[in-house]
Amino acid sequence: MTTVTQETANAAAPTSGSASGNAPSFAPAKGIQVSDKALARIRTAILKENISPEQGGLRLGVQGGGCSGLSYNIRFDTHPRERDRIFQFGDVRVFVDPKSFIYLHGMILDYQETLMQQGFVFVNPNASKSCGCGTSFSG
């Protein structure tokens, strides 16, 4: 039996998910938020990767390693796993496993394009320290 938690978020503004699915919560303490820029990039990449938006989505995670002890992991997945939290932003789904959610709750996934670099940016209030690469942190 697969147990997943589905949380709905308002795609018009970065908000955290609401377990009830009725009204999104604007308190950043309990969910994952995704900016409009990041949602647009995710939609483009999902199409390019031939991932079904109805079944697949973007997987956010944390793993040991990196210069500060933990590093962010971001990739596409064809379906959620058992016990994943699923955040719905319109037609975009974001999957987070329970262990990663401990470090990622309250964070905002943004997309940044500058002259020097472009890519996803994790704005994480749970990171007590991060390094210059932007993909490693300590909690």
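FYI, it's all coordinate maths here, none of it is from the lab. Keep in mind the model is a prediction, meaning the values are calculated, not measured. Counting neighbours? That spans all protein chains shown, and the Cβs are built from the backbone with ideal geometry, glycine included.
Okay, here's what the table says:
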quantity: Interchain or long-range residues, amide H under 5 Å from His79's placed H; calculated: Gly57
quantity: Built amide H within the under 5 Å cut-off of Gly31, gap 5+; calculated: Gly17, Gly106
quantity: Per-residue HN-Hα couplings for segment 95-104 [Karplus 6.51, -1.76, 1.60; θ = phi - 60°; Hz; x = Gly/Pro]; calculated: 9, 9, 6, x, 5, 5, 4, 4, 8, 9
quantity: Förster radius 35 Å - calculated FRET efficiency between Gln117 and His79, Cβ distance, rounded to 0.05; calculated: 0.65
